Amino acid sequence: MIIHRVEIRHTKMELVSPFETSLGVELYEEHIIVRVDSEGFSGWGEVVVEPTPSYSYETLTTAWHVLKDFLIPGILGKKFETIQEALAKNSWVRGHRMAKAGLEAALSDLFAKSQDVSLSTFLGGTRKRVPAGVSVGLQSTPAQLVKTVESYLQDGYKRIKIKIAPGRDLDLVKALRKEFPDIQLQVDANSAYTLNDIAMLKALDEYNLQLNEQPLGYDDIYDHSILQPQLSTPICLDESIYTLSDAKAAIQLGACKIINIKPGRVGGYTESIRIHDYCRSVNIPVWHGGMDESGIGRAGNIALASLPNFVLPGDISSSRRYYKEDIVEPAFEIDSESMMSVPEKAGIGVEVMLNRLEKVTVAKQECKM
Ligand code: OSB
Ligand code: MG
(Lines give C-alpha, C1' and ligand atoms only; values in the text may rest on other atoms or scores of the structure.)
(Ligands and ions follow the chains in the order given, each with its own letter.)
Protein backbone atom coordinates (compact mmCIF):
# COMPACT_ATOMS: atom_id res chain seq x y z
CA MET A 1 0.00 0.00 0.00
CA ILE A 2 1.33 3.44 -0.97
CA ILE A 3 -0.29 6.54 0.54
CA HIS A 4 -0.48 8.99 -2.36
CA ARG A 5 -2.46 11.76 -0.74
CA VAL A 6 -3.21 13.05 2.77
CA GLU A 7 -5.62 15.84 3.66
CA ILE A 8 -6.02 17.60 6.99
CA ARG A 9 -8.93 19.84 7.87
CA HIS A 10 -9.47 22.12 10.84
CA THR A 11 -13.15 21.68 11.67
CA LYS A 12 -15.42 23.65 13.95
CA MET A 13 -18.75 22.20 15.08
CA GLU A 14 -21.26 23.83 17.42
CA LEU A 15 -22.26 21.80 20.47
CA VAL A 16 -25.99 21.44 21.19
CA SER A 17 -25.33 22.87 24.67
CA PRO A 18 -22.28 24.47 26.31
CA PHE A 19 -19.98 21.92 27.99
CA GLU A 20 -18.50 23.24 31.24
CA THR A 21 -15.76 21.44 33.18
CA SER A 22 -13.24 22.54 35.80
CA LEU A 23 -11.09 23.57 32.78
CA GLY A 24 -13.61 26.06 31.31
CA VAL A 25 -16.65 26.24 29.04
CA GLU A 26 -16.80 24.98 25.46
CA LEU A 27 -19.42 26.11 22.94
CA TYR A 28 -17.75 24.55 19.88
CA GLU A 29 -15.50 21.60 19.22
CA GLU A 30 -12.54 22.34 16.97
CA HIS A 31 -10.65 19.25 15.86
CA ILE A 32 -8.54 18.10 12.91
CA ILE A 33 -9.95 15.55 10.50
CA VAL A 34 -7.35 13.46 8.66
CA ARG A 35 -7.98 11.69 5.37
CA VAL A 36 -5.48 9.28 3.80
CA ASP A 37 -5.92 7.92 0.26
CA SER A 38 -4.50 4.81 -1.34
CA GLU A 39 -5.59 2.31 -3.99
CA GLY A 40 -9.08 3.78 -4.27
CA PHE A 41 -9.74 3.68 -0.52
CA SER A 42 -10.01 6.64 1.86
CA GLY A 43 -9.21 6.29 5.54
CA TRP A 44 -10.53 8.79 8.09
CA GLY A 45 -9.34 9.81 11.53
CA GLU A 46 -9.93 12.60 14.04
CA VAL A 47 -7.30 14.48 16.02
CA VAL A 48 -9.02 15.31 19.32
CA VAL A 49 -7.02 18.44 20.14
CA GLU A 50 -8.56 21.61 21.45
CA PRO A 51 -7.61 25.19 20.49
CA THR A 52 -6.01 25.76 23.91
CA PRO A 53 -3.46 23.70 25.88
CA SER A 54 -5.76 22.94 28.84
CA TYR A 55 -6.80 19.28 28.89
CA SER A 56 -3.59 18.47 27.01
CA TYR A 57 -0.46 20.47 26.15
CA GLU A 58 -1.24 19.89 22.46
CA THR A 59 -3.24 22.50 20.56
CA LEU A 60 -4.76 22.72 17.10
CA THR A 61 -1.70 24.65 15.96
CA THR A 62 0.90 22.23 17.37
CA ALA A 63 -0.95 19.21 15.98
CA TRP A 64 -1.31 20.85 12.56
CA HIS A 65 2.42 21.66 12.52
CA VAL A 66 3.53 18.20 13.66
CA LEU A 67 1.23 16.48 11.15
CA LYS A 68 2.15 18.70 8.20
CA ASP A 69 5.90 18.94 8.81
CA PHE A 70 6.76 15.52 10.30
CA LEU A 71 4.08 12.83 10.54
CA ILE A 72 2.58 13.15 7.05
CA PRO A 73 5.98 13.42 5.26
CA GLY A 74 6.96 10.30 7.24
CA ILE A 75 4.37 8.17 5.42
CA LEU A 76 3.52 9.99 2.18
CA GLY A 77 4.65 8.11 -0.92
CA LYS A 78 6.20 5.30 1.14
CA LYS A 79 5.25 1.67 0.71
CA PHE A 80 4.01 -0.53 3.58
CA GLU A 81 2.48 -3.96 3.89
CA THR A 82 1.18 -3.47 7.43
CA ILE A 83 0.05 -0.61 9.61
CA GLN A 84 2.85 -1.37 12.08
CA GLU A 85 5.37 -0.67 9.28
CA ALA A 86 3.67 2.66 8.64
CA LEU A 87 3.67 3.62 12.33
CA ALA A 88 7.34 2.70 12.63
CA LYS A 89 8.19 5.52 10.20
CA ASN A 90 7.10 8.06 12.81
CA SER A 91 8.12 6.27 15.99
CA TRP A 92 11.06 8.68 16.38
CA VAL A 93 8.62 11.55 17.08
CA ARG A 94 8.27 12.06 20.83
CA GLY A 95 4.98 13.13 22.41
CA HIS A 96 2.34 14.86 20.26
CA ARG A 97 0.13 11.87 20.91
CA MET A 98 -3.14 13.38 19.71
CA ALA A 99 -1.60 14.24 16.35
CA LYS A 100 -0.16 10.73 16.05
CA ALA A 101 -3.41 9.07 17.14
CA GLY A 102 -5.46 10.89 14.49
CA LEU A 103 -3.12 9.70 11.76
CA GLU A 104 -3.04 6.15 13.15
CA ALA A 105 -6.85 6.19 13.18
CA ALA A 106 -6.99 7.22 9.51
CA LEU A 107 -4.39 4.58 8.53
CA SER A 108 -6.28 1.92 10.52
CA ASP A 109 -9.51 2.76 8.71
CA LEU A 110 -7.62 2.56 5.40
CA PHE A 111 -6.03 -0.84 6.16
CA ALA A 112 -9.32 -2.26 7.50
CA LYS A 113 -11.14 -1.09 4.35
CA SER A 114 -8.46 -2.56 2.08
CA GLN A 115 -8.86 -5.90 3.90
CA ASP A 116 -12.67 -5.57 3.82
CA VAL A 117 -13.03 -5.96 7.60
CA SER A 118 -14.61 -3.71 10.20
CA LEU A 119 -12.30 -1.54 12.28
CA SER A 120 -13.52 -3.49 15.31
CA THR A 121 -12.33 -6.77 13.77
CA PHE A 122 -9.10 -5.11 12.60
CA LEU A 123 -8.33 -3.99 16.18
CA GLY A 124 -9.25 -7.33 17.79
CA GLY A 125 -12.72 -6.39 19.03
CA THR A 126 -14.97 -9.21 20.21
CA ARG A 127 -18.37 -7.62 20.88
CA LYS A 128 -21.20 -6.36 18.69
CA ARG A 129 -22.50 -3.82 21.22
CA VAL A 130 -20.72 -1.75 23.84
CA PRO A 131 -22.12 -0.14 27.01
CA ALA A 132 -22.70 3.60 26.64
CA GLY A 133 -22.85 6.48 29.10
CA VAL A 134 -23.06 10.24 29.12
CA SER A 135 -20.71 12.88 30.51
CA VAL A 136 -22.65 15.82 31.94
CA GLY A 137 -20.99 19.23 32.22
CA LEU A 138 -21.19 21.52 35.24
CA GLN A 139 -24.64 23.10 35.54
CA SER A 140 -25.61 26.46 37.07
CA THR A 141 -27.28 24.96 40.17
CA PRO A 142 -27.86 21.53 41.74
CA ALA A 143 -31.53 21.77 40.73
CA GLN A 144 -30.53 22.42 37.11
CA LEU A 145 -28.20 19.42 37.24
CA VAL A 146 -31.04 17.19 38.48
CA LYS A 147 -33.15 18.38 35.53
CA THR A 148 -30.40 17.80 32.99
CA VAL A 149 -29.61 14.33 34.34
CA GLU A 150 -33.30 13.45 34.34
CA SER A 151 -33.51 14.25 30.64
CA TYR A 152 -30.46 12.05 29.89
CA LEU A 153 -32.04 9.22 31.89
CA GLN A 154 -35.18 9.68 29.79
CA ASP A 155 -33.02 9.45 26.67
CA GLY A 156 -32.00 6.00 27.92
CA TYR A 157 -28.55 6.52 29.45
CA LYS A 158 -27.94 4.08 32.29
CA ARG A 159 -24.64 5.56 33.41
CA ILE A 160 -24.14 9.21 34.28
CA LYS A 161 -20.81 10.94 34.79
CA ILE A 162 -20.87 14.47 36.15
CA LYS A 163 -18.15 17.06 36.10
CA ILE A 164 -17.20 18.52 39.48
CA ALA A 165 -14.98 21.44 40.52
CA PRO A 166 -14.00 23.02 43.84
CA GLY A 167 -17.12 24.41 45.52
CA ARG A 168 -19.34 22.61 43.00
CA ASP A 169 -18.97 19.04 44.18
CA LEU A 170 -20.67 17.59 47.27
CA ASP A 171 -23.85 19.63 46.81
CA LEU A 172 -24.24 18.37 43.25
CA VAL A 173 -23.67 14.73 44.21
CA LYS A 174 -26.02 15.03 47.21
CA ALA A 175 -28.80 16.55 45.11
CA LEU A 176 -28.48 13.85 42.46
CA ARG A 177 -28.37 10.98 44.93
CA LYS A 178 -31.47 12.28 46.70
CA GLU A 179 -33.39 12.20 43.42
CA PHE A 180 -31.79 9.12 41.85
CA PRO A 181 -30.54 6.81 44.63
CA ASP A 182 -29.67 3.85 42.38
CA ILE A 183 -28.23 5.14 39.11
CA GLN A 184 -24.66 4.33 38.07
CA LEU A 185 -22.99 7.63 38.94
CA GLN A 186 -19.41 8.84 38.48
CA VAL A 187 -17.61 12.15 39.02
CA ASP A 188 -14.77 13.70 36.98
CA ALA A 189 -12.76 16.63 38.37
CA ASN A 190 -10.23 17.00 35.54
CA SER A 191 -7.44 17.49 38.09
CA ALA A 192 -9.11 20.26 40.07
CA TYR A 193 -8.09 19.08 43.58
CA THR A 194 -5.02 18.46 45.70
CA LEU A 195 -4.37 16.32 48.76
CA ASN A 196 -5.47 19.34 50.82
CA ASP A 197 -9.01 18.55 49.68
CA ILE A 198 -8.95 15.09 51.21
CA ALA A 199 -11.90 15.75 53.56
CA MET A 200 -14.21 16.54 50.64
CA LEU A 201 -12.87 13.62 48.59
CA LYS A 202 -13.53 11.27 51.53
CA ALA A 203 -17.02 12.70 51.99
CA LEU A 204 -17.85 11.57 48.43
CA ASP A 205 -17.42 7.97 49.63
CA GLU A 206 -20.91 8.22 51.20
CA TYR A 207 -22.64 8.43 47.81
CA ASN A 208 -21.95 5.07 46.21
CA LEU A 209 -20.02 6.44 43.24
CA GLN A 210 -18.82 3.98 40.63
CA LEU A 211 -15.56 5.90 40.38
CA ASN A 212 -13.86 9.23 40.97
CA GLU A 213 -12.02 10.29 37.79
CA GLN A 214 -8.74 12.20 37.91
CA PRO A 215 -9.21 14.14 41.16
CA LEU A 216 -5.55 15.27 41.47
CA GLY A 217 -2.77 16.66 39.25
CA TYR A 218 -2.95 16.03 35.51
CA ASP A 219 0.55 14.59 35.49
CA ASP A 220 0.51 13.03 38.93
CA ILE A 221 0.66 9.39 39.92
CA TYR A 222 2.28 9.55 43.36
CA ASP A 223 -0.32 11.73 45.15
CA HIS A 224 -3.11 9.56 43.76
CA SER A 225 -1.30 6.57 45.31
CA ILE A 226 -1.49 8.36 48.67
CA LEU A 227 -5.17 9.18 48.16
CA GLN A 228 -6.55 5.87 46.86
CA PRO A 229 -5.97 3.80 50.04
CA GLN A 230 -7.89 6.43 52.03
CA LEU A 231 -10.99 6.22 49.81
CA SER A 232 -13.48 3.41 49.31
CA THR A 233 -14.49 4.89 45.91
CA PRO A 234 -12.20 3.60 43.15
CA ILE A 235 -10.03 6.26 41.54
CA CYS A 236 -9.99 6.17 37.74
CA LEU A 237 -7.09 7.89 36.00
CA ASP A 238 -7.55 9.82 32.75
CA GLU A 239 -5.07 12.71 32.24
CA SER A 240 -2.18 11.02 34.12
CA ILE A 241 -1.95 8.01 31.81
CA TYR A 242 -0.05 8.67 28.55
CA THR A 243 1.68 5.34 28.09
CA LEU A 244 1.69 1.68 29.06
CA SER A 245 4.53 2.55 31.42
CA ASP A 246 2.33 5.14 33.20
CA ALA A 247 -0.45 2.55 33.50
CA LYS A 248 1.93 0.00 35.03
CA ALA A 249 3.32 2.56 37.49
CA ALA A 250 -0.16 3.76 38.51
CA ILE A 251 -1.51 0.27 39.03
CA GLN A 252 1.55 -1.11 40.81
CA LEU A 253 1.67 1.93 43.14
CA GLY A 254 -2.04 1.57 43.91
CA ALA A 255 -2.85 5.01 42.49
CA CYS A 256 -6.04 3.82 40.77
CA LYS A 257 -8.31 0.80 40.36
CA ILE A 258 -9.70 1.71 36.93
CA ILE A 259 -8.29 3.35 33.80
CA ASN A 260 -10.03 5.55 31.23
CA ILE A 261 -8.49 4.86 27.80
CA LYS A 262 -8.61 7.55 25.10
CA PRO A 263 -6.56 6.79 21.99
CA GLY A 264 -5.88 10.52 21.47
CA ARG A 265 -4.33 10.85 24.92
CA VAL A 266 -2.07 7.79 24.62
CA GLY A 267 -1.00 8.23 20.98
CA GLY A 268 -3.28 5.84 19.14
CA TYR A 269 -4.91 2.44 18.98
CA THR A 270 -1.67 0.48 19.31
CA GLU A 271 -0.77 2.03 22.67
CA SER A 272 -4.44 1.84 23.77
CA ILE A 273 -4.48 -1.88 23.10
CA ARG A 274 -1.20 -2.42 24.98
CA ILE A 275 -2.71 -0.64 28.00
CA HIS A 276 -5.96 -2.58 27.60
CA ASP A 277 -4.11 -5.90 27.48
CA TYR A 278 -1.91 -5.13 30.47
CA CYS A 279 -4.91 -4.00 32.54
CA ARG A 280 -6.72 -7.19 31.60
CA SER A 281 -3.75 -9.27 32.76
CA VAL A 282 -3.84 -7.65 36.21
CA ASN A 283 -7.64 -7.52 36.54
CA ILE A 284 -8.02 -3.77 36.20
CA PRO A 285 -11.16 -2.79 34.29
CA VAL A 286 -10.95 -0.09 31.63
CA TRP A 287 -13.51 2.03 29.83
CA HIS A 288 -13.42 4.23 26.75
CA GLY A 289 -13.32 7.95 27.37
CA GLY A 290 -14.39 10.62 24.91
CA MET A 291 -13.30 14.02 23.62
CA ASP A 292 -16.64 15.17 22.21
CA GLU A 293 -15.72 13.63 18.87
CA SER A 294 -17.65 13.92 15.63
CA GLY A 295 -18.95 10.69 14.15
CA ILE A 296 -15.53 10.00 12.63
CA GLY A 297 -13.76 9.82 15.97
CA ARG A 298 -16.79 8.24 17.64
CA ALA A 299 -16.80 5.36 15.15
CA GLY A 300 -13.18 4.63 16.08
CA ASN A 301 -13.93 4.86 19.80
CA ILE A 302 -16.77 2.37 19.51
CA ALA A 303 -14.61 -0.05 17.50
CA LEU A 304 -11.85 0.08 20.12
CA ALA A 305 -14.38 -0.23 22.96
CA SER A 306 -15.46 -3.59 21.50
CA LEU A 307 -12.28 -5.19 22.91
CA PRO A 308 -13.05 -7.49 25.85
CA ASN A 309 -11.67 -5.54 28.84
CA PHE A 310 -13.69 -2.36 28.12
CA VAL A 311 -16.16 -3.61 30.73
CA LEU A 312 -17.45 -0.35 32.19
CA PRO A 313 -19.74 1.97 30.19
CA GLY A 314 -17.80 4.55 28.18
CA ASP A 315 -18.22 8.25 27.43
CA ILE A 316 -19.83 7.01 24.26
CA SER A 317 -23.08 8.81 23.58
CA SER A 318 -25.46 9.38 20.69
CA SER A 319 -24.37 11.86 18.03
CA ARG A 320 -27.27 14.13 18.95
CA ARG A 321 -26.03 14.53 22.54
CA TYR A 322 -23.19 16.58 21.00
CA TYR A 323 -24.27 17.92 17.60
CA LYS A 324 -27.47 18.82 15.79
CA GLU A 325 -26.13 17.19 12.66
CA ASP A 326 -23.24 14.73 12.68
CA ILE A 327 -20.85 14.55 9.71
CA VAL A 328 -21.37 10.79 9.23
CA GLU A 329 -24.33 8.62 8.26
CA PRO A 330 -25.88 6.88 9.95
CA ALA A 331 -25.57 9.00 13.07
CA PHE A 332 -24.80 7.08 16.28
CA GLU A 333 -27.63 6.30 18.64
CA ILE A 334 -27.85 4.27 21.85
CA ASP A 335 -30.45 1.51 22.07
CA SER A 336 -33.07 0.87 24.75
CA GLU A 337 -30.48 -0.92 26.92
CA SER A 338 -28.02 2.00 26.88
CA MET A 339 -25.78 0.11 24.46
CA MET A 340 -24.17 1.30 21.24
CA SER A 341 -23.99 -1.06 18.25
CA VAL A 342 -20.54 -1.51 16.76
CA PRO A 343 -20.54 -0.75 13.02
CA GLU A 344 -20.09 -3.93 10.97
CA LYS A 345 -19.24 -2.48 7.57
CA ALA A 346 -15.62 -2.19 6.44
CA GLY A 347 -13.38 0.27 8.31
CA ILE A 348 -15.13 2.82 10.54
CA GLY A 349 -18.36 1.50 9.04
CA VAL A 350 -20.08 4.85 8.59
CA GLU A 351 -20.08 7.16 5.60
CA VAL A 352 -18.47 10.60 5.82
CA MET A 353 -20.88 13.21 4.43
CA LEU A 354 -18.49 15.33 2.37
CA ASN A 355 -20.89 18.25 1.94
CA ARG A 356 -21.42 18.49 5.72
CA LEU A 357 -17.69 18.12 6.34
CA GLU A 358 -17.06 20.96 3.90
CA LYS A 359 -19.52 23.17 5.80
CA VAL A 360 -17.67 22.73 9.10
CA THR A 361 -14.18 23.09 7.58
CA VAL A 362 -12.27 26.22 8.69
CA ALA A 363 -8.97 25.41 6.94
CA LYS A 364 -7.69 22.64 4.72
CA GLN A 365 -4.27 21.40 3.64
CA GLU A 366 -3.60 18.85 0.95
CA CYS A 367 -0.32 16.88 0.94
CA LYS A 368 0.54 14.93 -2.23
CA MET A 369 3.48 12.82 -3.40
O1 OSB B 1 -12.15 14.47 31.03
O2 OSB B 1 -13.18 12.93 30.06
C3 OSB B 1 -12.81 14.09 30.08
C4 OSB B 1 -14.26 16.00 27.08
C5 OSB B 1 -13.16 16.74 26.70
C6 OSB B 1 -12.01 16.66 27.45
C7 OSB B 1 -11.94 15.81 28.56
C8 OSB B 1 -13.01 15.05 28.93
C9 OSB B 1 -14.22 15.18 28.19
C10 OSB B 1 -15.45 14.49 28.55
C11 OSB B 1 -16.48 14.30 27.44
O12 OSB B 1 -15.73 14.16 29.68
C13 OSB B 1 -16.61 12.90 27.06
C14 OSB B 1 -17.45 12.69 25.81
O15 OSB B 1 -16.89 12.70 24.70
O16 OSB B 1 -18.65 12.49 25.95
MG1 MG C 1 -11.82 12.78 32.28
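The values are calculated or read from the model by the stated rules, or taken from the named source; none is laboratory data. For clarity, every value in this text was computed on a predicted model and none was experimentally measured. So basically every Cβ, Gly included, is an ideal-geometry build from the backbone, and we count neighbours across all protein chains shown. For the accessible areas, the whole protein counts, side chains as well, though only heavy atoms, and no ligand, DNA or RNA atoms are used. Shrake-Rupley method; radii C 1.70, N 1.55, O 1.52, S 1.80 Å.
General remarks:
- Helical runs assigned H by DSSP (4 residues or longer) give the chain a calculated mean residue ellipticity at 222 nm of -9000 deg cm²/dmol, each run adding -39500 (n - 2.57) before division by the residue total.
- Amide N proximity, segment 1-26 versus Val93 label position 7 Å along Cα-to-Cβ, cut-off under 14 Å: 6-9
- In the context of the full protein assembly, Thr126 retains an accessible surface of approximately 90 Å², using a probe radius of 1.4 Å and ignoring ligands and nucleic acids.
- Springs join every pair of Cα atoms under 10 Å in this Gaussian network model of the chain, and among Lys359, Lys68, Lys100 the largest mean-square fluctuation is at Lys359.
- Loop trypsin sites (Lys or Arg not before Pro), segment 311-345 (other Cβ atoms within 10 Å of the site Cβ: 15 or fewer; DSSP): Lys324, Lys345
- Range of Cα positions in the chain per principal axis (Å), largest first: 59, 41, 36
- DSSP assigns beta bridges within segment 122-341; of those with both partners inside it, close to 15 percent run antiparallel.
- With 0.36 nm allotted per residue and the present C-alpha distance subtracted, the Leu27-His4 stretch has 4.7 nm of extension available.
- For Glu344 and Phe41, the FRET efficiency from 1/(1 + (r/R0)^6), where r spans their Cβ atoms and R0 equals 22 Å, is about 0.80.
- What you get for the chain, charging only the Cβ of Lys and Arg (+1) and of Asp and Glu (-1), is a dipole of about 480 debye around the Cα centre.
- The charge dipole of segment 122-341, taken about the Cα centre with unit charges on the Cβ atoms of Lys, Arg (+1) and Asp, Glu (-1), comes to about 400 debye, rounded to the nearest 20.
- Gain on full extension, evaluated as 0.36 nm per residue between Phe70 and Asp277 minus their Cα-Cα distance, stands at 71.6 nm.
- Here the relative contact order of the chain, from alpha carbon pairs under 8 Å that lie six or more residues apart, stands at 23 percent.
- In the chain, the longest principal axis of the Cα atoms and the axis of helix 142-155 are about 50 degrees apart.
- Whether segment 122-341 is rounded, prolate or oblate, judged on the alpha carbon gyration tensor where a/c under 1.5 counts as rounded: oblate
- Angle of helix 97-114 to the longest C-alpha principal axis of the chain, folded into 0 to 90 degrees and rounded to 10: 60°.
- Packing, taken as the mean count of other beta carbons within 10 Å per residue, orders the peptides 130-136, 48-54, 199-205 from highest to lowest as 130-136, 48-54, 199-205.
- Choice from Ile75, Ile296, Ile348 showing the highest fluctuation, given a GNM over the chain with Cα pairs closer than 10 Å: Ile75
- Most mobile listed residue (Ser319, Ser306, Ser17) in the chain, GNM with C-alpha springs under 10 Å: Ser17
- Chain lengthening between Ser54 and Val117 when straightened (0.36 nm per residue, less Cα-Cα): 19.0 nm
- Exposed GluC sites (Glu not before Pro) absent: longest stretch of the chain, with sites in DSSP loops and at most 12 other Cβ within 10 Å deemed exposed: 82-336
- Order of exposure, largest accessible area first, which applies to Phe70, Phe19 with probe 1.4 Å: Phe70, Phe19
- Residues of segment 37-70 with amide N under 13 Å of the 7 Å Cα→Cβ point at Glu366: 37
- Dipole magnitude of segment 20-121, debye to nearest 20 (Cβ charges: Lys/Arg +1, Asp/Glu -1, about Cα centre): 500
- 17 Å reach of a label modelled at Leu170, 7 Å along Cα-to-Cβ, counting backbone N of segment 206-245: 206-209, 231-233
- Each DSSP beta bridge with both residues in the chain is either parallel or antiparallel, and the antiparallel ones are about 60%.
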